[in-house]
Amino acid sequence: MKPRIFKIDPHNIDLELMKQAVSVIHNRGIVAFPTETVYGLGANALDAKAVAEIFRVKERPLDDPLIVHIAEVNELYRLAKEVPFKAEKLINRFWPGSLTLIFEKTDLIPDLVTAGLETVAIRMPLGAIARKFISMAGVPIAAPSANLFGRPSPTRAQHVLDDLNSRIDIIIDGGRTEIGVESTVVEFADEEVVVLRPGAVTVEELREIVKDVKIFSESESSEKSPGKYLKHYSPRAEVILVEHVNQFQIEEVLSIVADLTKKGRKVGIMAKQEHEEQYKGFIVKVLGPEQDDRTSASRLFHILREFDSENTDVIVAEGIPETGLGRAIMNRLRKAAIN
Ligand code: TXA
Ligand code: MG
C-alpha cells in the first residue's frame with residue numbers, strides 16, 4: 001500500500017492530521033516527518049520494538065545508532081545521566097536547533113537506539129512541524145534521516161517516497177526542509193568539544209560559544225562513530241569530486257567530462273554558479289554561489305537525486321571552500337565519492 005501523505009503547512013499546522021500521525025507512533029508504527037535539516041523517520045524512542053522497525057525499513061545496519069529527538073529541554077535530564085557544563089552552554093545557544101549532543105544514557109533508552117553504546121545522541125529540532133509532532137507524541141522520537149541506508153538524505157517528501165514508498169504508512173509533507181544538510185553531532189571529551197559529524201551548526205558558530213572545539217579526524221580512529229568509513233549520502237551515479245584547492249578546477253572538470261563522455265557515459269556537472277558559463281554545452285546543475293553556503297546546502301541532496309532521476313552515470317562535482325556550511329557539504333561529497 002502507498003503511504004498516506006499529510007500535507008501540512010508549518011505556519012498553520014493541521015492538528016487533526018497531526019493527531020492521526022501521532023496515533024501511529026502510539027501504535028508502535030513509524031512516521032516520516034520534516035525537521036529544519038532533513039526529513040526524519042520517527043518512532044517512539046522508548047520502545048525497542050518500534051525502533052526495530054526503523055532499522056528494518058531503512059535497511060540500516062544495527063551498529064549505527066539513532067538520534068533521539070525531544071521537544072522540551074527538560075526531557076534531556078531523563079535521558080542523559082550527566083549534562084556537562086559545556087553542553088549546557090551549547091544547548092542554551094543552539095536548542096531548539098540543528099545541534100546533536102552525545103551524553104551518557106540512562107536506562108530509559110533501549111540498547112537498540114544506541115547500537116549498544118553507553119551513550120545517546122540527543123537533539124531538540126527547530127522545525128515547527130517536528131516540534132509539534134514530538135510534543136503531541138509525548139515521548140522522545142528516535143529518528144534517522146528518512147532515506148534508504150547510504151542514499152542522500154531527503155529534503156522533500158518526494159525523496160522519502162522515492163526511497164521508502166510502501167514500506168511506511170505516513171509521510172508528513174511540510175515542503176522543502178530549510179537547511180538541507182543534517183545536524184552537527186558533537187561529543188564531550190575531557191575539556192574538549194569534539195565534532196563527530198560537521199553539519200548545519202558550523203564550527204565557527206560553535207567556537208563563538210566554547211573555546212576548545214576539535215574536529216574529529218576520521219583517519220585517527222574508526223571506532224568513534226560506527227560506519228564512518230562507509231560510502232554514504234550517495235546517489236546511484238558515480239561521484240567524482242574535483243577539489244576546490246586546485247587552481248585548475250575548471251580545466252580538470254572539463255578534462256574528466258571529456259574523457260567520460262568519450263567512453264559513452266552520461267555525465268553531469270555540479271558547479272558553482274560562478275563557473276556555470278564555462279560548462280556551456282554540458283549538463284550542469286548549479287549548487288550555488290561560492291560565498292552562499294546556505295543556498296548550496298539547501299540544494300545539495302536534491303541535485304544528487306535529480307541527476308539520478310535523469311539516469312546520469314557520473315556526477316563530476318566541484319569542491320567548494322570548507323568554511324561555514326561548506327564543511328558539511330564537502331564531508332557529504334567526500335563520502336558520496338568513495339568507491
Ligand atoms: O539532522 C539530523 O541529524 C537528522 C534529522 C532527522 O534529525 N538525522 C540524522 O540522523 O541525520 P542519522 O541517523 O542519519 O545520523 C545520525 C548520526 C550518525 O552518524 C550516527 O553514527 C551518529 O549520529 N550517532 C548517533 N548516536 C551516536 C552515539 N551515541 N555516538 C556517536 N555517534 C552517534
Ligand atoms: Mg542519515
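The values are calculated or read from the model by the stated rules, or taken from the named source; none is laboratory data. Here the structure is a predicted model, which means the values were calculated and not measured. Methodologically, a virtual Cβ is constructed for each residue, glycine included, from the backbone with ideal geometry; neighbour enumeration extends over all protein chains shown.
What residue, among those in the stretch 112-122 that are surrounded by fewer than 23 Cβ atoms within 10 Å (Cβ to Cβ) and within 24 Å of Tyr233 (Cβ to Cβ), is nearest to ligand 2 (Cβ to nearest atom)? Break it down into steps so the answer makes sense when it comes.
Of the stretch 112-122, the ones surrounded by fewer than 23 Cβ atoms within 10 Å (Cβ to Cβ) are 112, 114-119.
Filter once more, so that each one left must be within 24 Å of Tyr233 (Cβ to Cβ): 112, 114-115, 117, 119.
On the way: Leu112: 17, Thr114: 16, Ala115: 14, Leu117: 17, Thr119: 18 Å.
Among those residues, the one meeting the criterion is Ala115.
So, in the stretch 135-157, exactly how many residues are surrounded by 19 or more Cβ atoms within 10 Å (Cβ to Cβ), more than 11 Å from ligand 1 (Cβ to nearest atom) and not in a loop (DSSP other than H, G, I, E, B)?
Adding up the residues that qualify gives 2.
Going by what's in this entry, would Ile109 be described as touching a residue at least 12 places away in the same chain (Cβ under 8 Å), crowded, with 20+ Cβ neighbours inside 10 Å, aliphatic (A, V, I, L, M) and away from ligand 2 (no atom under 16 Å from the Cβ)? Walk me through it before giving the result.
Values: touching a residue at least 12 places away in the same chain (Cβ under 8 Å): yes; crowded, with 20+ Cβ neighbours inside 10 Å: yes; aliphatic (A, V, I, L, M): yes; away from ligand 2 (no atom under 16 Å from the Cβ): yes.
Against the criterion (touching a residue at least 12 places away in the same chain (Cβ under 8 Å), crowded, with 20+ Cβ neighbours inside 10 Å, aliphatic (A, V, I, L, M) and away from ligand 2 (no atom under 16 Å from the Cβ)), Ile109 qualifies.
Identify, from the list Leu206, Leu241, the residue that is farther than 23 Å from Phe301 by Cα, modelled with pLDDT of 95 or more and surrounded by 13 or more Cβ atoms within 10 Å (Cβ to Cβ). Break it down into steps so the answer makes sense when it comes.
On the way: Leu241 fails: farther than 23 Å from Phe301 by Cα.
Going through Leu206, Leu241 in turn, just one is farther than 23 Å from Phe301 by Cα, modelled with pLDDT of 95 or more and surrounded by 13 or more Cβ atoms within 10 Å (Cβ to Cβ): Leu206.
Listed here are the residues, each with its yes/no results for (1) under 23 Å from Ala146 (Cβ atoms); (2) under 18 Å from the mean Cα position of the chain (by Cα); (3) among the hydrophobic types (A, V, I, L, M, F, W, C).
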{"residue": "Ser23", "(1), (2), (3)": "yes, no, no"}
{"residue": "Pro34", "(1), (2), (3)": "yes, yes, no"}
{"residue": "Leu46", "(1), (2), (3)": "yes, no, yes"}
{"residue": "Ile67", "(1), (2), (3)": "yes, yes, yes"}
{"residue": "Lys81", "(1), (2), (3)": "no, no, no"}
{"residue": "Trp95", "(1), (2), (3)": "yes, yes, yes"}
{"residue": "Val113", "(1), (2), (3)": "yes, yes, yes"}
{"residue": "Leu117", "(1), (2), (3)": "yes, no, yes"}
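Kindly check whether there is at least one residue in the stretch 73-93 that is out of contact with any strand residue (DSSP E or B) (no Cβ under 7 Å at 6 or more places or on another chain), in a loop (DSSP other than H, G, I, E, B), surrounded by fewer than 24 Cβ atoms within 10 Å (Cβ to Cβ) and modelled with pLDDT of 95 or more.
no
Does Leu164 satisfy the condition of being at pLDDT 95 or above and either under 16 Å from Ile102 (Cα atoms) or in contact with a His (Cβ under 9 Å, 6 or more places away or on another chain) (or both)?
Values: at pLDDT 95 or above: yes; either under 16 Å from Ile102 (Cα atoms) or in contact with a His (Cβ under 9 Å, 6 or more places away or on another chain) (or both): no.
Criteria not met by Leu164.
Scan the stretch 255-299 for residues that are among the polar types (S, T, N, Q) and farther than 20 Å from Asp313 by Cα and jot them down.
Scanning the stretch 255-299 gives Gln273, Gln278, Gln291, Thr295, Ser296, Ser298.
Given the condition in a strand (DSSP E or B) and within 16 Å of ligand 1 (Cβ to nearest atom), answer yes or no: does some residue in the stretch 46-56 qualify? Steps first, answer last, please.
So in the stretch 46-56, the residues in a strand (DSSP E or B) come out as none.
So far as the stretch 46-56 goes, no, none of its residues is in a strand (DSSP E or B) and within 16 Å of ligand 1 (Cβ to nearest atom).
Report every pair of residues separated by at least 6 positions or lying on different chains whose Cβ atoms are under 9 Å apart, first residue within the stretch 187-205 and within 17 Å of Pro65 (Cα to Cα), second outside any loop (DSSP other than H, G, I, E, B) and acidic (Asp, Glu).
Correct list of pairs: Val195/Glu187; Leu196/Glu187.
Would you confirm whether any residue within the stretch 123-134 is in a helix (DSSP H, G or I), within 16 Å of ligand 2 (Cβ to nearest atom) and farther than 14 Å from Leu66 by Cα?
Going through the stretch 123-134, the residues in a helix (DSSP H, G or I) turn out to be 128-134.
Those still in the list that are within 16 Å of ligand 2 (Cβ to nearest atom) too: 130.
Remaining after also requiring farther than 14 Å from Leu66 by Cα: 130.
Yes: one or more hits.
Filter the stretch 170-200 down to the residues that are assigned to a loop (DSSP other than H, G, I, E, B), among the charged types (D, E, K, R) and more than 13 Å from ligand 1 (Cβ to nearest atom) and list them by number. Steps first, answer last, please.
Filtering the stretch 170-200 down to residues assigned to a loop (DSSP other than H, G, I, E, B) leaves 174-183, 190-191, 198-200.
Still in the list and also among the charged types (D, E, K, R): 176, 178, 182, 190-191.
Passing the criteria: Arg176, Asp190, Glu191.
So for the stretch 285-300 (the condition being buried (at least 19 other Cβ atoms within 10 Å of the Cβ) and out of contact with any helix residue (DSSP H, G or I) (no Cβ under 7 Å at 6 or more places or on another chain)), does at least one residue qualify?
Yes - at least one qualifying residue is present in the stretch 285-300.
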